[in-house]
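Right, one structure below, let's go through it.
The values are calculated or read from the model by the stated rules, or taken from the named source; none is laboratory data. Every value quoted in this text rests on a predicted model; they were computed, and no experiment measured them. Glycine also receives a Cβ, built like all others from the backbone with ideal geometry; neighbour counts cover every protein chain displayed. The accessibility values were calculated without ligands, DNA or RNA, using every heavy atom of the protein model including side chains. Shrake-Rupley method; radii C 1.70, N 1.55, O 1.52, S 1.80 Å.
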Amino acid sequence: MNAIVLAILVMVILSLARVSVVFALIAASLIGGLVAGLPLTEILDAFNEGLGGGATIALSYAVLGAFAVALSRSGITELLANRAIRGLHLDDQPSSRRWVAFTLLGALLAAAVSSQNLIPVHIAFIPVLVPPLLKLMNHLQLDRRAAACVITFGITAPYMLLPVGFGSIFLNDILLANLNESGAELGLEVTRGMVPMAMLIPIGGMALGLVAALLWSYRRPRQYEDRDLAHGDETPAQAARHLAPWQMAVLAAALVGTVATQLLSGSMVLGGLFGFALLSVSGVFRWHEQDGIFTEGMRMMAQVGFIMISAAGFAGVMQATGEVATLVEGSAELIGDNKGLAALIMLLVGLFITMGIGSSFSTVPIIASLYVPLALSFGFSPMATIALVGTAAALGDAGSPASDSTLGPTAGLNADGQHDHIWDTVVPTFLHYNVPLIVFGWLAAMVL
């Protein structure tokens, strides 16, 4: 068995068995490296070299987690949640919950889409925006798996379809550039206008998956406990009682300043630190509590951070094995002259590669160099080739335990410890997005 396929299977099986994802990634790295024939020292070196790739984003999440806990400790989230619950009569009139829940999900979707295209902060908004909404979600009896599907759709579908913000980077700078580079000697010429059109059918499959998740899979009420995100001299409810109007203005400035600082500096760490520092001097919590609050926020994001770091190491080992080309070549031998089977195999192989590397942005150069000659040899049109490469590269993003598209929603929805990363984020998004992507990606390859 190919080393990458075996490593992915080990990671998935261990994760589904509720083994720590960090342990699953390390074990899968060792097994995949050994099966590929790498000495143990080379496996460890590749893993250690890859760790640095996840350290920055893990630290960013830790700092943003501290900022989120500081917001909770100020009492503002408690105040806003209670006002919403009373004003919307959620406890007295259960019939109003459904339309409020869909309004909230629509707001989350709009924020997620904006984070990719309008205000390109990527997943940095999640640990700041989502934890304050958890109490409101609890009283709505909203299934957080539905929220996870909404957020994941919002941070993946836009960059695969809209050439703005991160979408411009993915579609134009990465996908388009690598397709033309890989197909230059074979006569393939792709224009900017062709790429979004080719991705329209696969993204349509994701949209149907989102509708199925909201209207069928996770439409039933689900019970959660109200839990405080922060602990200190006062509870958030007590802090909310003496929150002054000028302090509310400081809180608003902290939120805006966090986003502005990140956009200007390009650093989520600096953005989170700015917001936390502003709250620290505003008096919304006592000065001696700030160290405990910062530590509590980092602890809240520790799981996600360590998964991100371990995933980068895992990706390093997978690339060091050199088994990607072998996997594609071996798959090509099984296809024969069957064009439909060729499209399906390429998508499935892309799923394994992307789940191993964890990022569609990093996967495109690898897949394009191997898939473009293969697709053209089977007679696929330029539009079909775009759909195959783009879909294959994006497949693992929405269903990998190590992808920031799944880790991001978990970071926000599990702030109070009631949302499991694998069973409440990864499995729902895999079923509702990866399966439709394979079906509609195959359909696009056959009809375009």
Checklist entry - What percent does the relative contact order of segment 309-448 come to when contacts are Cα pairs within less than 8 Å and at least six residues apart? => result 27
Item to check | Positive-end extreme of charge dipole, the chain - chosen from M308, F378, V100 (charges on Cβ) | outcome: V100
Next on the checklist: Suppose a student asked you for the relative contact order of the chain, using Cα pairs under 8 Å spaced at least 6 residues apart; what percent would you report?
Outcome noted: 27
Checklist outcome for this item: Expressed as a percent, the accessible surface of the chain that is carbon or sulfur, using a 1.4 Å probe and the full set of protein chains, is 66
Checklist entry - Expressed as an acute angle from 0 to 90° and rounded to the nearest 10, what is the orientation of the C-alpha long axis of helix 245-265 relative to the principal long axis of the chain? => result 20
Checklist entry - Normalised by the number of residues in segment 386-448, what is the relative contact order in percent for Cα pairs under 8 Å and 6+ residues apart? => result 42
Next on the checklist: Within the chain, which is the longest segment that contains none of the trypsin sites (Lys or Arg not before Pro) sitting in a DSSP loop with at most 11 other Cβ atoms within 10 Å?
Outcome noted: 193-448
Checklist entry - For the Cα atoms of the chain, what angle does the longest principal axis make with the long axis of helix 76-87, in degrees from 0 to 90, nearest 10? => result 80
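When ligands, DNA and RNA are left out and all protein chains stay put, how many square angstrom of accessible area per residue does the chain have with a 1.4 Å probe? Working shown, then result.
Working: 17550 Å² over 448 residues.
Accessible area per residue: 39 Å².
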Checklist entry - Which angle between 0 and 90 degrees, to the nearest 10, do you get for helix 144-161 versus the longest principal axis of the chain when only C-alpha atoms count? => result 50
Next on the checklist: Test of understanding: in a Gaussian network model of the chain with alpha carbons linked when under 10 Å, which of Q223, Q141, Q319 would top the mean-square fluctuation ranking?
Outcome noted: Q223
Checklist entry - So, in Å, what gap is there between the alpha-carbon centers of segment 29-52 and segment 421-448? => result 30
Next on the checklist: Pick from P221, P120, P196 the residue whose mean-square fluctuation is largest in a GNM of the chain, springs joining Cα atoms under 10 Å.
Outcome noted: P221
Next on the checklist: For the chain, set up a GNM with springs between Cα atoms under 10 Å and report which of A387, A55, A107 has the largest fluctuation.
Outcome noted: A107
Checklist outcome for this item: Sorting T410, A110, S369 by the position of each Cα along the dipole of the chain (Lys, Arg +1; Asp, Glu -1; all at Cβ), the one nearest the positive end of that ordering is A110
Next on the checklist: If you average the alpha carbon positions of segment 256-276 and of segment 152-227, how far apart do those two centres end up, in angstrom?
Outcome noted: 27
